[in-house]
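**Student:** Dumping the structure here so I can ask a few things about it.
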Amino acid sequence: MGAGFFHSYHLGWTRVDAGTLLGDLEAAGLRLAHPVTGRIVLDSQDPASPVSGGTRSPVSREQLLSIAGLERLDGIGVRLWVSHDLDVLMRIRRAGPRVAVAEFGLGGLPPEELEKAVRAIRLTVGRASVLCIGFVVDREGATVGTDWDGVVVDGTAGLDRWPDAVAVREDIASGHPQLAALESVEQSPWRVYGNAVLSV
């Protein structure tokens, strides 16, 4: 898996929010169950890692939904299927006391499937069921080393490279030393920055 990614930050994460997000992703074409085997697979690999090596464990849909709200865990990973041989690794983890981030690894997808995955993920963020406070899209993974929690959640971390698009709340945009000086597009409830703003 390469380093391309989509991160989506959510406030007040619960089991209900997790279930809604996963259901919305499935409706947008990223399936939890493998198209051939029907299995749902938890995966401990970091989506940003280019090297395979995580532990995979089959679970039922009910088991996944019971742990995806992170009431007892700090993070979980699951495979989302684009087709029978192409998947996106999604990790949900805590990014602060009241914030969770859904991290999607986009590496290894051919261009057409990559764009389908980006559109599917973008369609699901910001729905009323989960309060999305920001997101980052980097198809090539050029900013994989950036402290995105520090940018999107805290508004304090610096950027030395730019992703395709980054969206933050208005208060973060106006208080961040770099973002405050840049032009952005308003897509309520965010300010969105980057070359690919209109494509996300």
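**Student:** Per residue, how much accessible area does the chain show when a 1.4 Å probe rolls over the protein heavy atoms, in square angstrom? Working shown, then result.
**Tutor:** Numbers: 9100 Å² over 200 residues.
Per residue, the chain has an accessible area of 46 Å².
**Student:** Determine ³J(HN,Hα), in whole Hz, for all residues of the stretch 149-155 in sequence, where each value follows from phi through the Karplus function 6.51 cos²θ - 1.76 cosθ + 1.60 and θ = phi - 60°; x replaces Gly and Pro.
**Tutor:** My calculation for the stretch 149-155 gives 4, x, 7, 6, 8, 9, x Hz in order.
**Student:** 222 nm [θ] for the chain, helices only, -39500 (n - 2.57) per DSSP H run of 4+, per residue, to 500? Present the calculation step by step, with values, prior to reporting the outcome.
**Tutor:** Numbers: 4 runs with 40 residues, N = 200.
It comes out at -6000 deg cm²/dmol, rounded to the nearest 500.
**Student:** Right, another one. Based on alpha-carbon atoms only, what is the radius of gyration of the stretch 50-200 relative to the globular estimate 2.2 N^0.38 Å? Intermediate results must be reported in sequence, preceding the final value.
**Tutor:** Working: Rg = 16.0 Å, N = 151, 2.2 N^0.38 = 14.8 Å.
Normalised by 2.2 N^0.38 Å, the Cα Rg of the stretch 50-200 equals 1.08.
**Student:** Which shape class, rounded, prolate or oblate, goes with the stretch 119-182 when its Cα gyration tensor gives a ≥ b ≥ c as root eigenvalues, a/c under 1.5 marks rounded, and past that a/b bigger than b/c marks prolate?
**Tutor:** Working: a/c = 2.08, a/b = 1.22, b/c = 1.71.
Here the stretch 119-182 falls in the oblate category.
**Student:** Given a 1.4 Å probe and every protein chain left where it sits, what share in percent of the accessible area of the stretch 82-176 is carbon and sulfur? It would help to have the intermediate numbers written out before the result.
**Tutor:** Values: 1910 of 3870 Å².
Heavy-atom surface of the stretch 82-176 belonging to carbon and sulfur, 1.4 Å probe: 49 percent.
**Student:** Just want to confirm a number: the relative contact order over the chain, from Cα pairs under 8 angstrom separated by 6+ residues, in percent.
**Tutor:** Dividing the mean separation by the residue count of the chain yields 25 percent.
**Student:** How compact and how long is the stretch 82-160, expressed as Rg and Dmax of its alpha-carbon atoms in Å?
**Tutor:** 13.5, 41
**Student:** What ranking do 134-145, 152-163 get when scored by the average of other Cβ atoms within 10 Å per residue, highest first?
**Tutor:** Working: 134-145: 20.7, 152-163: 16.8.
In decreasing order of mean packing, 134-145, 152-163 become 134-145, 152-163.
The values are calculated or read from the model by the stated rules, or taken from the named source; none is laboratory data. If you're wondering where the values come from, they're calculated on a predicted model, not measured in any experiment. Cβ: placed from backbone, ideal geometry, glycine included. Neighbour counts: every protein chain shown. To get the accessible areas, we keep the full protein, side chains included, count just its heavy atoms, and leave off ligands, DNA and RNA. Shrake-Rupley method; radii C 1.70, N 1.55, O 1.52, S 1.80 Å.
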